[in-house]
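Chemist: Dropping a structure here in structure tokens format, bear with me for questions.
The values are calculated or read from the model by the stated rules, or taken from the named source; none is laboratory data. Note that the coordinates shown come from a computational prediction; the quantities given were computed from them, not determined experimentally. Cβ placement follows ideal geometry from the backbone for every residue including glycine, while neighbour counts extend to all protein chains displayed. Keep in mind that these areas ignore ligands, DNA and RNA; they rest on the heavy atoms of the full protein, side chains included. Shrake-Rupley method; radii C 1.70, N 1.55, O 1.52, S 1.80 Å.
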Amino acid sequence: MFEPSDIPRVFGVPPGADFPQVLVNRVLGHYLNAPPEDLARVRILVNTRRMHRRLSELFQAGGARLLPRIGLVTDVDALCPGADLPLPVSPLRRRLELAQLTARLIDKEPELAARSAAVDLADSLATLLDEMQGEGVSPEQFAQIDVGDESRHWERSLKFLKVASDYTDQISSEGMDSEARRRRAIELVGALWAISPPSTPVIVAGSTGSRAATSLLMHAAARLPQGALVLPGFDKDLPDVVWDTLSSSRDMEDHPQYRFAALLTALGITRDQ
């Protein structure tokens, strides 16, 4: 599907365009005169079930044809079939067990919080654990943060983070949190692709790389011989002075093009490429 390239392959769909329609039109246009089975060998990975449904509907709208394989970047078992991954830990079990741990900590040190806050604190810790594991951040890294005048408040927060750390160690032999499991699967996929890249097209479409685990998958796909990224809402007409600022500063993280600038910088390619 793609011509050989010495650089990661990235495409952008402009803001305001119907992203799934543009993607389907380009893919179908490429395979217009190809054998029907060629389209069925294309793998498209998207980040939401809504996008999955829309692409499926659009591919089916043109009449009978073999369809590409459309999957989710979050579907761990489909991404890495047969991998020796621990079973996922139930989110409900995780929250109930964390609630017990936070309640014990509050009983031991009542000045930290009211006991009635144990469940809410457990929910917050569970959410934080998801983000930490998805981003590849260990609890130990938090202890190294310089918080200046907020040190007393931060010290209290670290005690609850210690609960999260101990809990993660406790369940590691029984299973793995969903985000940690997903990141591990993507790392395995990237390692496998580096050794034995698929010969058929792999397209990661509609993701911005805002989540570290998805970004890992995008980096691996962009470097495949037949891999590509298709970015949504990519503004190729953004003035160079603004784009250069996005590429060099973290103060612009709220800009809608910031993630794209960070992604291209990490891939080692320019906007023109």
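Chemist: Heads up, I need the accessible area for SER138: 1.4 angstrom probe, whole protein in place, Å², nearest 10.
Modeler: SER138 exposes around 40 Å² with every protein chain in place.
Chemist: Compute, for ARG93, the solvent-accessible surface of its heavy atoms (probe 1.4 Å) with the complete set of protein chains present, and express it in square angstrom to the nearest 10.
Modeler: 80 Å²
Chemist: Over the chain, what percent of the accessible surface lies on carbon and sulfur atoms, probe 1.4 Å? Could you put the intermediate results ahead of the total?
Modeler: Working: 7910 of 15300 Å².
Result for the chain: 52 percent of the exposed heavy-atom area is carbon or sulfur.
Chemist: Rounded to the nearest whole Å², what accessible area per residue is found for segment 187-231 with the 1.4 Å probe? Don't skip to the end; give the middle numbers.
Modeler: Numbers: 1600 Å² over 45 residues.
Computed with neighbouring chains in place, this is 36 Å² per residue.
Chemist: Any chance you could get the radius of gyration and Dmax over the Cα atoms of segment 1-107, in Å?
Modeler: 20.7, 71
Chemist: To continue, here is another question. Taking amide H atoms as placed 1.01 Å from N in the peptide plane, list the residues 5 or more away in sequence, or in a different chain, whose amide H sits under 5 Å from that of VAL13.
Modeler: When sequence neighbours closer than 5 places are left aside, the close amide H contacts are LEU231, GLY233, PHE234.
Chemist: Calculate the radius of gyration of the Cα atoms of segment 161-225 to one decimal place, then report Dmax, the largest Cα-Cα distance, as a whole number, both in Å.
Modeler: 15.0, 46
Chemist: Run a plain Debye calculation on the chain (Cα atoms as equal point scatterers, no solvent) and give log10 I(q)/I(0) at q = 0.08, 0.12 Å⁻¹, rounded to two decimals, same order as the q list.
Modeler: -0.44, -0.88
Chemist: Right, next: Quick one: if you stick a label point 7 Å off each Cα along the C-beta vector at GLU57 and GLU131, how many nm between them?
Modeler: Each label point lies 7 Å from its Cα, and together they span 3.3 nm.
Chemist: Considering only protein heavy atoms, what is the solvent-accessible area of SER207 at a probe of 1.4 Å, reported in Å² to the nearest 10?
Modeler: Estimated to the nearest 10 Å², SER207 gives 0 Å².
Chemist: Okay, next question. Cα convex hull of segment 108-251: how many Å³ per residue?
Modeler: Working: hull volume 26.4 nm³, N = 144.
About 183 Å³ per residue, rounded to a whole number.
Chemist: Rg over Rh of segment 29-78, using C-alpha atoms and the Kirkwood radius, what does it come to? Before the final figure, lay out the partial values.
Modeler: Numbers: Rg = 11.6 Å, Rh = 11.7 Å.
In segment 29-78, Rg relative to Rh is 0.99.
Chemist: Further question: Over the alpha-carbon set of segment 55-171, divide Rg by the Kirkwood Rh and report the Rg/Rh ratio to two decimals. List each step's numbers first, then the result.
Modeler: On the way: Rg = 20.7 Å, Rh = 17.4 Å.
Using Cα coordinates only, the ratio equals 1.19.
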